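Any read-out appearing in this document is the output of simple, stated calculations on the displayed coordinates, not a laboratory observation. Note that the coordinates shown come from a computational prediction; the quantities given were computed from them, not determined experimentally. In this analysis, Cβ positions are derived from the backbone assuming ideal geometry, glycine residues included, and neighbour counts consider all displayed protein chains.
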Amino acid sequence: MLTKVIRLVVVGLILSTLFTPAARAQQVTLRVQTDAPGRPISPDLFGIFFEDLNYAADGGLYAELIQNRSFEYQATEQPTWNSLSFWELTKRGGGEGKWAVEYARPLHPNNPHYLALEVTKVADGVGLVNPGFDGIALRAGETYDLSLFARQLFMNRRWPPDNSIEGRPMSLAARLESKDGEVLCEAPLQVVGREWTRLTAALTPSRDEEAARLVLLAKANGGIALDEISLFPRKTFRDRPNGLRADLAQTIADLRPKFIRFPGGCLVHGNGTGNFYDWKETIGPVEQRRGQANLWGYHQSVGLGYFEYFQFAEDIGAKPLPVVAAGVSCQNSDHTGEVGQQCLAIADMPAYIQDILDLIEWANGPAASRWGAKRAAAGHPRPFNLEYLGVGNEDVISEEFRVRFKMIRDAVKKKYPEITVVGTVGPFPDGTDYEAGWKFADEQRLEMVDEHGYKPPEWYWRNLTRFDRYDRAKSKVYLGEFAAHDTGRANTLRSALAEAAYMTSLERNGDIVRLASYAPLLARQGHTQWRPDLIYFDGTRVLRTANYYVQQLFSLNQGDAYLTSTLTGVSSPDEFAVSSVRDGRTGDIIIKLVNGNSAPRPLLLELSGAKRISRQAIKTVLAGEAAAVNGFDAPARVAPVTSGILVDRQFEYEAPAHSLTVIRIKTR
Ligand code: AHR
């Protein structure tokens, strides 16, 4: 009997040793070398890519609430559009009058169209209505600043109006109304004189309204000209005038991006050479900027222009990374592929190159320099400290491209050797332009090139060692556009985890991958030309995707040295990726574990060589169903959860199924 009991105890002991959590965890071990300097990680690694696509600027980040404020919408942007799109003529209580688009004596030649309004029977008022972008969202008690340019028109029952004769002063009522016509607030304006004059009023609605309209009512018979009719919430991001929508800008700021690339994307090199994004047309007083067609099929007011981009970058602590066309247009011009890559004539290149040199002077030159003075006049006498300049975007690496790119690069480096010029290696992470782009980059000894790739989640898992194999002596990499495109649904957790896994490889190769940005950043509900995107929004709501949280967790936990770590017990199809970094500023060790598998992953973590470790660490976990997607109905279906975790030189952790875990360990 005693022997039987002893036998049972021994067997029990053996079994319990085999099945303790420690024994199970030994199947997978992550050993992190904490006492070696590690491989440096670019301080600018994780940033953002902003393109005016999906109504990201007008109707998006740019806080302007009026759509088509300067009557410049055109049929070249959308076939049904014209200067009067999104405006309505309203005649109240039997009022009579008419309107027309005029262009004699405009507010500014860059802003050629304006509205002429004639009131022949005033009754309860005759005027204009604008619904903004899908309705104007108002908050009770907040102030909205209305501004417009106006002048009297002499109306002699003739069109076009006679601009040589002065009309009479005109009283206007500026109102915010609900779509049912309820007046939410009102302010008077007085149009006086035959010169364009800026009029302003503050409007404060008494209640919330999701879809209000701006109404301007003339209160007497007569004529007026109106242009640049603008309405801004007073509360913009950092209270900047002509500023950014606070909730959206804050959502972007919460990513703590190290850089911001702008204004695109394909938008940069546009629909033919006449549609390049011309930075000079986007600075100065907004009513003097020249808007233009956006190749994504709408209008760019350029109210969010280069000054605002640079200011935003500075406000959120990100380095500005403007991209200019390489003298060639988007090869997908017209979206038909028939126009193809158009090239500036060589004779036009010197002037074009001068514009690019002027941009650098505008950003970095002293306030006394010609272009620095324009920056100073806009309210920023200090330089913006531009370091990076992108030249070209996903261009076909044709001979025409090569010649023009070289002209630009040589001129920039000659005058501004300190600027890092970022070249381009085509639209895909492999293939003809990728290879030709890299060959050209090698020949030209480019400092950095911009690689792009939109691929299914599996591609990212399969390519975790891609950058390990890159030649360290060649050009550094800006992974300017990447996103995992899942089949069927956009923004699944599965896609976000594939990106997270790939980003562990970016950290490991942070010595050569200097910059990386998910793309695209923003998309307005109902106006989305490209999916998936990082952040969705409508007039009042902002939705953070699972992909957003991945970007945020990497950005907030980037570190500056990649620590050698050895993962044993995992084979590559296991969909498990890790990275361990040190944040030199705090001394923290940060471990990231990406489990793309549907089974939890128990593991043993060993911090070898650690002198001191605080046992109380912080862990943040992003986990859920692989197919889970955040939506406006369920915005937190996938969201990070932060809690404490007890750690030691050796500790166990079970990475949940389909998860990203970030463990931050204090060593000081
Ligand atoms: O990010 C959307 C588009 O994808 C960009 O405009 C372009 O560069 C790429 O093809």
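May I ask you to derive the FRET efficiency for Trp459 and Ala627 from their Cβ-Cβ distance with R0 = 22 Å, giving the value to the nearest 0.05? Mind showing how you got there, number by number?
Values: r = 18 Å, r/R0 = 0.82.
Efficiency for this residue pair is about 0.75.
To the nearest µm²/s, what D does Stokes-Einstein give for segment 534-651 at 37 °C and 0.692 mPa s, using the Kirkwood radius over alpha carbon pairs as Rh? It would help to have the intermediate numbers written out before the result.
On the way: Rh = 16.3 Å.
The estimated diffusion coefficient comes to 201 µm²/s.
Among Pro602, Gly60, Val477, which residue has its Cα furthest toward the positive end of the charge dipole of the chain, with +1 on Lys/Arg Cβ and -1 on Asp/Glu Cβ?
It is Pro602.
For helix 349-364, report the angle its Cα long axis makes with the longest principal axis of the Cα atoms of the chain; keep it between 0 and 90° and round to the nearest 10°.
70
So what J values fall out for segment 516-521 if you push phi through Karplus, 6.51 cos²θ - 1.76 cosθ + 1.60 with θ = phi - 60°, rounded to Hz, Gly and Pro as x?
8, 8, 5, 8, x, 8
Going by average Cβ neighbours within 10 Å, how do the peptides 304-313, 527-536, 206-215 rank, with the highest at the top?
Values: 304-313: 23.9, 527-536: 21.3, 206-215: 18.3.
In descending order of packing, they fall as 304-313, 527-536, 206-215.
Just the ratio, please: alpha-carbon radius of gyration of segment 274-428 over 2.2 N^0.38 Å, N its number of residues.
Taking the Cα Rg and dividing by 2.2 N^0.38 Å, one obtains 1.05.
How high is the relative contact order of the chain, given as a whole-number percent (alpha carbon pairs under 8 Å, six or more residues apart)? List each step's numbers first, then the result.
On the way: 1689 pairs, mean separation 105.8, N = 668.
With pairs under 8 Å counted, the relative contact order is 16 percent.
Under the rule of at least 5 residues apart or a separate chain, name every residue whose amide H is placed under 5 Å from the amide H of Leu45.
So Leu45 has HN proximity to no qualifying residue.
Report the charge-dipole magnitude of segment 67-147 in Debye, nearest 20, computed about the Cα centre from +1 at each Lys and Arg Cβ and -1 at each Asp and Glu Cβ.
Details: 7 positive and 10 negative charges, 41 e Å.
Charge dipole of segment 67-147: 200 debye, to the nearest 20.
Over segment 370-481, what is the mean sequence separation of C-alpha contacts under 8 Å (at least six apart), divided by residue count, expressed as relative contact order in percent? Don't skip to the end; give the middle numbers.
On the way: 138 pairs, mean separation 25.9, N = 112.
Answer for segment 370-481 is 23 percent.
How do Trp159, Trp87 line up, fewest other C-beta atoms within 10 Å first?
Going from sparsest to densest Cβ surroundings: Trp159, Trp87.
Got the relative contact order for segment 616-668 handy, in percent, Cα pairs under 8 Å and 6 or more residues apart? Numbers along the way, then the final one.
On the way: 75 pairs, mean separation 28.7, N = 53.
Rounded, it is 54 percent for segment 616-668.
So what J values fall out for segment 368-383 if you push phi through Karplus, 6.51 cos²θ - 1.76 cosθ + 1.60 with θ = phi - 60°, rounded to Hz, Gly and Pro as x?
Along segment 368-383, the couplings run 7, 6, 4, 8, x, 5, 5, 5, 4, 4, 7, x, 9, x, 6, x Hz.
Can you compute 3J(HN,Hα) from phi for each residue in segment 478-489, using the Karplus curve 6.51 cos²θ - 1.76 cosθ + 1.60 with θ = phi - 60°, rounded to whole Hz and x for Gly and Pro?
Ordered by residue, 3J(HN,Hα) equals 10, 7, x, 9, 8, 5, 7, 9, 7, 7, x, 10 Hz.
Measure nothing fancy, just the Cα-based angle from helix 493-508's long axis to the longest principal axis of the chain, in degrees from 0 to 90, nearest 10.
It works out to around 70 degrees.
Hey, if you put +1 on the Cβ of every Lys and Arg and -1 on every Asp and Glu Cβ in the chain, which of Leu267, Ser230, Ala376 ends up farthest toward the positive end of that dipole?
Looking along the dipole axis, the top candidate is Ala376.
So how do 649-655, 254-260 stack up, highest first, on mean other-Cβ count within 10 Å? Walk me through the numbers on the way to the answer.
Details: 649-655: 17.0, 254-260: 21.4.
The densest-packed peptide leads the list: 254-260, 649-655.
Let me spell out the model: positive unit charges on the Cβ of Lys and Arg, negative unit charges on the Cβ of Asp and Glu, origin at the Cα centre of the chain. What dipole size does that give, in debye rounded to 20?
Numbers: 76 positive and 79 negative charges, 420 e Å.
Around 2020 debye, computed over the chain.
What fraction, in whole percent, of alpha-carbon pairs in segment 203-242 exceed 16 Å separation?
Details: 452 of 780 pairs.
In whole percent, the long-distance tail amounts to 58.
Under a point spin-label approximation (7 Å from Cα along Cα-to-Cβ), what is the Gln250-Asp468 distance to one decimal in nm?
4.3
What's the angle, to the nearest 10 degrees (0 to 90), between helix 2-19's Cα axis and the longest principal axis of the chain?
30
Taking the convex hull of the Cα atoms, report for the chain its projected area averaged over all directions, in nm².
Numbers: hull surface 144.3 nm².
Projected area, direction-averaged: 36.1 nm².
In terms of the ratio Rg/(2.2 N^0.38 Å) built on C-alpha atoms, what value belongs to segment 609-668?
Details: Rg = 14.6 Å, N = 60, 2.2 N^0.38 = 10.4 Å.
Here the Cα radius of gyration is 1.40 times the empirical estimate.
Could you tell me which of Trp461, Tyr416, Gly437 has its Cα farthest along the dipole of segment 387-482 towards the positive end, charges placed at Cβ (Lys, Arg +1; Asp, Glu -1), taken about the Cα centre?
Tyr416
Order these by the 10 Å Cβ neighbour count, fewest first: Tyr144, Tyr470, Tyr114.
Numbers: Tyr144 23, Tyr470 16, Tyr114 26.
Least to most surrounded, the residues fall as Tyr470, Tyr144, Tyr114.
Taking 19 Å as the cut-off for C-alpha to C-alpha distance, list the pairs among Lys258/Lys476; Lys280/Lys374; Lys258/Lys474 that go past it.
Lys258/Lys474, as the Cα separations exceed 19 Å there.
Compute the separation of the alpha-carbon centres of segment 553-597 and segment 104-169 and state it in Å as a whole number.
59
Explain nothing, just the number: dipole magnitude of segment 421-570 about its Cα centre with +1 on each Lys and Arg Cβ and -1 on each Asp and Glu Cβ, in debye rounded to the nearest 20.
Values: 17 positive and 19 negative charges, 80 e Å.
My answer is approximately 380 debye.
If a paramagnetic tag sat 7 Å from the Cα of Lys414 along the Cα-Cβ line, which residues of segment 299-327 would have the backbone N under 14 Å from that point?
It comes to no residues whatsoever.
In whole angstrom, how long is each semi-axis of the equivalent ellipsoid of segment 213-313, when you take the square root of 5 times every eigenvalue of its Cα gyration tensor and sort them from largest down?
Square roots of five times the eigenvalues give 28, 21, 12 Å.
In µm²/s, what is D for segment 375-470 at 25 °C and 0.890 mPa s, where D = kT/(6 pi eta Rh) by Stokes-Einstein and Rh is the Kirkwood radius from Cα pairs?
Details: Rh = 15.2 Å.
Roughly 162 µm²/s, to the nearest whole number.
Give me the percent of DSSP beta bridges within the chain that run antiparallel, rounded to the nearest 5. Don't jump to the answer; show the numbers that get you there.
Details: 105 of 142 bridges.
Counting only bridges with both partners in the chain, antiparallel ones make up about 75 percent.
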